[in-house]
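Here is the structure we will look at, set down as structure tokens.
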Amino acid sequence: MYDYIIIGTGPSGGNIAHNLFKAGANILVLEAGKLMNKKTFPRTEADTSARLYWGGGIEFDTDAKMGFLRTRVVGGTSIVNQCLLDRFDDIAFNDWKAESGVNWFTNEQLAKHYDTVEHALALHTFTANEMNRNAQLFTQSCDKIGVKWGYLRKGQSDCAQERGNDCMACLGGCHRDSKQSSYAGYLRDDIAAGLNIQTETEVTQIVNNGNTVTLHALQQGKPLTFQAKNIVLAGGAFGTTKMLLQSGFKKQLPALGKNFSTHPQFMSFGLFNEEIHAYKGYFQTVASKDPNLRQKGYKLENVFAPPISAAMLFSRTGAYHQEIMRNYTRMTCIEVAVRDENAGEIKVDNKGKLTIDKPFTAQDRRRRDEGRELIANILTNEGAKKVYASPFSVGLHLMGGSVMGTDSAKSVVDPEFRVHGYKNMFVADSSIYPNAPGINPSLTIMALAQKLSDQLIGANHGI
Amino acid sequence: MASNYLSNSALKAINRIGDMMIPRNGEFPSFSEVGGIAYIDDLVSYAPPADIKDLNLLLTILAFMPNFVLRWLLNRMENSMESSGPLAPIFRMLDVGLRGLIFSCYYTEKIPASYTGKKPLDIIGFDLTRVED
Ligand SMILES: Cc1cc2nc3c(=O)[nH]c(=O)nc-3n(C[C@H](O)[C@H](O)[C@H](O)COP(=O)(O)OP(=O)(O)OC[C@H]3O[C@@H](n4cnc5c(N)ncnc54)[C@H](O)[C@@H]3O)c2cc1C
């Protein structure tokens, strides 16, 4: 019988497993994905989608208009993410407080947890000489138009830029262990030191017996059961919510599955006469940091996409497709990330398959359209000959579904991270986000996980 | 060319649809000329068995469609983002699924040695540098 079983190893599960392991707790970590490392991460874009992502690359909403990305591997989605780590501002926390009734959602209350996480990871804030041509054109144009921008902060230790490394490769897992995924940042050394982890093990059902919890799982198709005094669900917005839904908790928890948001992103490309090579070097160093846009509910990110993803962003094939791809190295790219309403719902159908309802509300549309218009303006001012706006939207920040709040009719998890009504089931991952913060979510996921870790270690007198 | 997961008709359908989506044009070779489909098992083997079964069925149906029907279908798929109605989500899903397969087998480092032309990734100028210690 374990004291704690932690399910999932993304920014939340990785942090909690690390803290409990260091504190000497009797824990087991279960992860649906494989254990990979810098030598075994996929080396091609197509292999990355097939091997690392749930759904073989992408999952869709029921209307098939929005795609969602999340991974299944030790380290969770932090293996493929850009690891841009931002603290929330007062706007985000005030909106969380208003929605959830949780009064410790403040920068002051979370400061020490942010500090602990930031101290544990290698962080780097980009500088002017690290911008590639895509970023230079973006910032010059923003300056002309009067849009404020800033340098991004990324979790990374040594990306070997001076030796010509291209960070786009790390979208399939960092082959240098530089990116501070929850694997490189927390779990790699713990696993080497004997952390008890079972991989390729998907939890399918949770049975709460009062003082203990039984987990039913499939390990490479083989059924297994595990017992613990406590469990920590860290499967992410889809994973955690799905486990609770398919275990029948919806009856007691009517809000289960609701309040899903995802910061939908829409990319636009600008075509230039000169060679840009936007995929080279650090391909994401700057973004809009404009209070005006923050208030309007969207931000602009200076990004790029590898070839298959870039091709996927436009439905038209044949000559149109070939025109875009022929000009791949002469394109710049900006995306608008919308701070969307939490109107989505995560459900499970009678075959146990996830179904996601994600209405794109009138407010979401307005924000997207305004953002797109501004992007077209920026690209044209940069000198783009032509602008290609992708009709597709992708959700990379999956949030909500098992949201935190004081009212069990409107939320799933209480302010002490317990599933309402269950003293031994905890959640501190992206599923507890009450609404979309409009800010990169990972650092705050880790800060919340840190808070829960401190709470669990404290409650057990250091374990 | 054979697959452990997809039938011969399914593979034929991928090549036919691939050539409609990416015909030979200027410096671009056609989809089937490149032959990246030889490595399709690397992608499909990670999918759940039920999904592979559905894919085989779908591709087998498409394999038997005459060219003009297939072209009509691709056209519906291409315009599906703007369309509404009960079938629109199905066309959108098909669009992303098929384009995903085709582009993954075309913009790839894994191309059989029998293809001696310029690789699509070289044509578009994609040359990623990985510095590994
Ligand atoms: C391409 C991309 C770029 C991104 N860039 C950034 C960025 O720059 N900054 C930022 O802040 N955020 C970014 N994000 C989002 C960020 O990565 C996620 O918000 C974050 O990883 C969520 O953390 P999590 O711990 O809640 O879930 P996840 O990281 O998704 O981890 C959940 C883990 O649980 C496992 N799991 C799920 N269900 C089960 C089950 N039933 N049994 C066992 N295991 C299970 C999964 O396999 C997974 O490993 C990005 C995302 C993507 C896709």
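The values are calculated or read from the model by the stated rules, or taken from the named source; none is laboratory data. These numbers were taken from a predicted model, which means no experiment stands behind them. No Cβ is skipped: glycine too gets one built from the backbone with ideal geometry, and neighbour counts run over all protein chains shown. Heads up: the accessible areas ignore ligands, DNA and RNA and are worked out on the full protein's heavy atoms, side chains in. Shrake-Rupley method; radii C 1.70, N 1.55, O 1.52, S 1.80 Å.
Structure data summary
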read-out: Matching strands (runs of 3 or more DSSP E) fully within the stretch A:312-415 where at least 3 residues are open to solvent by less than 20 Å² (accessible area, probe 1.4 Å), in contact (Cβ under 8 Å) with a residue 60 or more places away in the chain and touching a Phe, Trp or Tyr at 6+ places or on another chain (Cβ under 9 Å); value: A:331-338
read-out: Residues satisfying the stated conditions in the stretch A:219-259, i.e. more than 23 Å from A:GLY401 (Cα to Cα) and out of contact with any His (no Cβ under 8 Å at 6 or more places or on another chain); value: A:GLN219, A:GLN220, A:GLY221, A:LYS222, A:PHE226, A:GLN227, A:ALA228, A:LYS229
read-out: Among (1) more than 10 Å from the ligand (Cβ to nearest atom); (2) open to solvent by less than 10 Å² (accessible area, probe 1.4 Å), the one test that A:SER78 misses; value: (1)
read-out: Criterion violated by B:VAL34 - all others in (1) open to solvent by less than 20 Å² (accessible area, probe 1.4 Å); (2) more than 14 Å from every other protein chain (Cβ to nearest Cβ) satisfied; value: (2)
read-out: Any chance B:ILE90 is open to solvent by 90 Å² or more (accessible area, probe 1.4 Å), assigned to a helix (DSSP H, G or I) and either facing chain A (nearest Cβ under 10 Å) or at pLDDT 95 or above (or both); value: yes
read-out: Test: residue in the stretch A:147-155 that is open to solvent by 10 Å² or more (accessible area, probe 1.4 Å), within 16 Å of the ligand (Cβ to nearest atom) and aromatic (Phe, Trp, Tyr); value: yes
read-out: Single unsatisfied condition, A:ASP3 versus (1) in a helix (DSSP H, G or I); (2) surrounded by fewer than 18 Cβ atoms within 10 Å (Cβ to Cβ); value: (1)
read-out: Test result for A:GLY33, more than 14 Å from chain B (Cβ to nearest Cβ) and at pLDDT 95 or above; value: no
read-out: Hits in the stretch B:71-82 - residues which are over 14 Å from B:ARG99 (Cβ atoms) and away from every other protein chain (no Cβ under 11 Å); value: B:TRP72
read-out: Long-range neighbours under 6 Å by Cβ, at least six apart or interchain, first residue more than 20 Å from A:GLY172 (Cβ to Cβ) and more than 9 Å from chain A (Cβ to nearest Cβ) within the stretch B:103-131, second modelled with pLDDT of 95 or more and assigned to a loop (DSSP other than H, G, I, E, B); value: B:PRO112/B:GLY35; B:TYR115/B:GLY35; B:GLY117/B:PRO29
read-out: Scope the stretch A:124-143; condition open to solvent by 60 Å² or more (accessible area, probe 1.4 Å) and touching a residue at least 40 places away in the same chain (Cβ under 8 Å); matching residues; value: A:ARG133, A:GLN140
read-out: Index of the failed condition, A:PHE266 passing every other in (1) within 14 Å of the ligand (Cβ to nearest atom); (2) under 23 Å from the mean Cα position of the chain (by Cα); (3) part of a strand (DSSP E or B); value: (1)
read-out: Test: residue in the stretch B:8-21 that is outside any helix (DSSP H, G or I) and either in contact with a strand residue (DSSP E or B) (Cβ under 9 Å, 6 or more places away or on another chain) or under 24 Å from A:SER49 (Cβ atoms) (or both); value: no
read-out: Matching option when the condition is open to solvent by 90 Å² or more (accessible area, probe 1.4 Å), out of contact with any strand residue (DSSP E or B) (no Cβ under 6 Å at 6 or more places or on another chain) and modelled with pLDDT of 95 or more, among B:PHE103, B:PHE68; value: B:PHE68
read-out: Residues of the stretch A:178-198 that turn out to be crowded, with 19+ Cβ neighbours inside 10 Å and part of a loop (DSSP other than H, G, I, E, B), as a count; value: 4
read-out: A:PHE88 being open to solvent by 40 Å² or more (accessible area, probe 1.4 Å), not in a helix (DSSP H, G or I) and not basic (Lys, Arg); value: no
read-out: Test: residue in the stretch A:46-54 that is open to solvent by less than 30 Å² (accessible area, probe 1.4 Å), assigned to a strand (DSSP E or B) and touching a Leu at 6+ places or on another chain (Cβ under 7 Å); value: no
read-out: Selected residue (only one of A:GLY438, A:GLY421 is assigned to a loop (DSSP other than H, G, I, E, B) and more than 30 Å from A:LEU313 (Cβ to Cβ)); value: A:GLY421
read-out: Lone unmet requirement of (1) surrounded by fewer than 19 Cβ atoms within 10 Å (Cβ to Cβ); (2) in contact with a helix residue (DSSP H, G or I) (Cβ under 7 Å, 6 or more places away or on another chain); (3) within 14 Å of chain B (Cβ to nearest Cβ) for A:ASN107; value: (3)
read-out: Qualifying residue in the stretch A:173-186 (condition: closer than 23 Å to A:VAL419 by Cα and within 15 Å of the ligand (Cβ to nearest atom)); value: no
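Residue by residue, here is whether (1) buried (at least 18 other Cβ atoms within 10 Å of the Cβ); (2) of a type in the set (Phe, Trp, Tyr); (3) touching a helix residue (DSSP H, G or I) at 6+ places or on another chain (Cβ under 6 Å) holds:
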site: B:ALA13; (1), (2), (3): yes, no, yes
site: B:GLY18; (1), (2), (3): yes, no, yes
site: B:GLY26; (1), (2), (3): no, no, no
site: B:ALA38; (1), (2), (3): yes, no, no
site: B:ASP41; (1), (2), (3): no, no, no
site: B:PRO48; (1), (2), (3): no, no, no
site: B:ASP51; (1), (2), (3): no, no, no
